[in-house]
Amino acid sequence: MEKVFDSKLLTSILSKSSLKDYSNIRIGDKASYLFMPQSISDLSSIIVKANKADLEILPVGGASNILFGNVGDRVLILDRDLPMYYNIKENEVIVTSNHNISIFIDEMKKHNLGGLEFLAGIPAHIGGAVYMNAGAFGKNISDYIKWVEIVNVNGKREILTHDEISFSYRKTSINGFIIYVSFGLDQKPKNKISAEIKDIISKRHSRHPYDYPSLGSTFKNPENNYAGKLIEECDLKGTRIGDAEISSKHGNFIINKGNATFDDVMSLIELMKNEVYKKKGIKLELEIKVIN
Ligand SMILES: Cc1cc2nc3c(=O)[nH]c(=O)nc-3n(C[C@H](O)[C@H](O)[C@H](O)COP(=O)(O)OP(=O)(O)OC[C@H]3O[C@@H](n4cnc5c(N)ncnc54)[C@H](O)[C@@H]3O)c2cc1C
């Protein structure tokens, strides 16, 4: 390890915690390289050194879409200790990627700026939501992005305009660690934004299991269909392996009922995929990122 990262970097920002402490579904073991840089220059140094040593880099935001298995010698970089900042000029907001999206939506409301309300209630950070092109209720975060600033694999800062990024269903072409995002938001009265947030959160709570840790939708929706509906039609809701359970509220959510393990969740995923293929002839594609 010392050969890759110098001792200053290691002692100041290498976390000894278990990934479980950061994972939204509360699953994960210790990682050899789990960094929490406090400056963009530390972030760049880590990326350059990891790249030179040919180690895979994994940016981590809210960890609300990552299932951690054996992460091996991947270099995990958490955004939470990086500086936090936002700046508003008319309806353009430049914001650091480590803001929690729901807190950011509330903060923008104070300035009568809205648009992202459809994402209210998601435990994501802005960087993860942008990388995943998070969406809901027929809208995607990409609709509001003007540009994104990344630290690329060579440790250099680079601006990618909206048109230079390819956005698709829960996927983008971004290759690097997102540090800033510029959004073009809508001028909207506070009370209208508040009403929309309330409505979205109430819809989420009525449809999704918020009482146990999860990673949101396990699978992408197949074209003209819904993964949750297919799983429900295969009578899988409520199925439990160890402490992992297919939510009885929403078939596409796997919840952790206590001490679920990576293997418990993977066994459920295999079961869901196999049953849906056997009974419906449809191959489900993972939306969550499995790191193993
Ligand atoms: C209760 C619940 C509800 C959810 N509802 C929705 C929903 O309605 N719509 C939706 O789209 N998703 C939803 N999700 C899933 C999840 O919140 C989103 O995928 C979100 O975009 C992930 O953000 P994150 O910060 O947690 O990313 P992480 O889980 O930390 O990472 C996800 C991916 O993004 C990459 N990444 C993270 N940060 C950066 C960065 N700074 N730079 C580059 N890459 C980065 C990671 O490497 C990883 O590949 C839900 C999840 C939960 C638990």
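Given the conditions (1) without any contact (Cβ under 8 Å) to a residue 24 or more places away in the chain; (2) farther than 23 Å from GLU56 by Cα, report the number of the one that SER214 does not fulfil.
(1)
One residue is enough: does the stretch 191-205 have a residue meeting the conditions part of a helix (DSSP H, G or I), within 10 Å of the ligand (Cβ to nearest atom), touching a helix residue (DSSP H, G or I) at 6+ places or on another chain (Cβ under 6 Å) and not assigned by TED's automatic domain parsing to the domain that holds ILE122?
For the stretch 191-205, residues part of a helix (DSSP H, G or I), within 10 Å of the ligand (Cβ to nearest atom), touching a helix residue (DSSP H, G or I) at 6+ places or on another chain (Cβ under 6 Å) and not assigned by TED's automatic domain parsing to the domain that holds ILE122: present.
I'm trying to understand the selection: among the residues of the stretch 223-241, which are assigned to a loop (DSSP other than H, G, I, E, B) and within 16 Å of the ligand (Cβ to nearest atom)?
Across the stretch 223-241, the qualifying residue is only TYR226.
For ASN221, all conditions in the list (1) buried (at least 17 other Cβ atoms within 10 Å of the Cβ); (2) closer than 22 Å to GLY128 by Cα; (3) touching a strand residue (DSSP E or B) at 6+ places or on another chain (Cβ under 9 Å) hold save one; what is the number of the exception?
(3)
For residues that are assigned to a loop (DSSP other than H, G, I, E, B) and within 6 Å of the ligand (Cβ to nearest atom), tally how many sit in the stretch 55-71.
5
Name the single residue, out of those in the stretch 146-164 being out of contact with any helix residue (DSSP H, G or I) (no Cβ under 8 Å at 6 or more places or on another chain) and under 17 Å from ILE126 (Cβ atoms), that is farthest from the ligand (Cβ to nearest atom).
It comes out as ILE159.
Of the residues GLY251, GLY228, GLY238, only one is within 29 Å of ASP29 (Cβ to Cβ) and crowded, with 18+ Cβ neighbours inside 10 Å; which?
After ruling out the rest, the residue left standing is GLY251.
In the stretch 185-210, how many are within 19 Å of the chain's Cα centre (by Cα) and more than 23 Å from MET108 (Cα to Cα)?
The qualifying residues number 3.
Of the residues that make up the stretch 219-230, is at least one in contact with a Pro (Cβ under 9 Å, 6 or more places away or on another chain) and hydrophobic (A, V, I, L, M, F, W, C)?
Yes: one or more hits.
Looking only at the stretch 41-56, how many residues end up being surrounded by fewer than 18 Cβ atoms within 10 Å (Cβ to Cβ) and under 23 Å from ASN100 (Cα atoms)?
1
The values are calculated or read from the model by the stated rules, or taken from the named source; none is laboratory data. The model shown is predicted, which means the values in this text are computed figures rather than measured ones. As a convention, Cβ positions derive from the backbone with ideal geometry for all residues, glycine included, and neighbour counts pool all protein chains shown.
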